[in-house]
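One structure is given below, encoded as structure tokens.
Derivation of every value follows stated rules applied to the coordinates shown; laboratory data play no part. In this text, all values refer to a predicted model and were calculated from it rather than measured experimentally. Counting neighbours? That spans all protein chains shown, and the Cβs are built from the backbone with ideal geometry, glycine included.
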Amino acid sequence: MRYLLDTHIILWWLYDDPKLSGRHRQIISEPNNHVIVSVASLWEIEIKRAVGKLVVDSGYIDAIKSDGFELLTLNPGHIVGLRSLPLYHNDPFDRMIIAQALTEHMILLTVDKMVKKYDVEII
């Protein structure tokens, strides 16, 4: 299966945060699962880090790669996918991650309740 991680899930995984559910932990650690991180999440992390809303180790991108996660770049198809999304969620990063999950036919791992309003498969 192909799973796209929401930004908070990535951070909880990297910092072994107890907020990460056992189910999410199991999915991410299963070697047969294809775990993907959007560059939109990296962008979001960097913006929050720059304005002081988030503290992360400078090597978090290397940690993501060393954990075997694939990085998903943005492409025009993802941008076009935004057009069909209702404006339930105002966060541009979350909207892009949702569009990517839909466009790429991935399951999104998240605990964001707003995402449930979209027609995207989530766990």
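Points to keep in mind about this one:
- Nearest-20 debye value, segment 2-110 charge dipole, Cβ charges on Lys, Arg, Asp, Glu: 240 debye
- 17 Å tail of the calculated P(r), the chain, as % of Cα pairs: 54 percent
- Mean Kyte hydropathy of 0.5 or more with a Cα span along the axis of at least 15 Å, helices from DSSP in the chain: 92-103
- A Gaussian network model of the chain, with springs between Cα atoms under 10 Å, assigns the largest mean-square fluctuation among LEU82, LEU20, LEU54 to LEU54.
- Projecting the Cα atoms of LEU42, PRO18, PRO76 onto the dipole axis of segment 2-110, where Lys and Arg carry +1 and Asp and Glu carry -1 at the beta carbon, places PRO76 farthest toward the positive end.
- Exposed trypsin sites (Lys or Arg not before Pro) absent: longest stretch of the chain, with sites in DSSP loops and at most 12 other Cβ within 10 Å deemed exposed: 84-123
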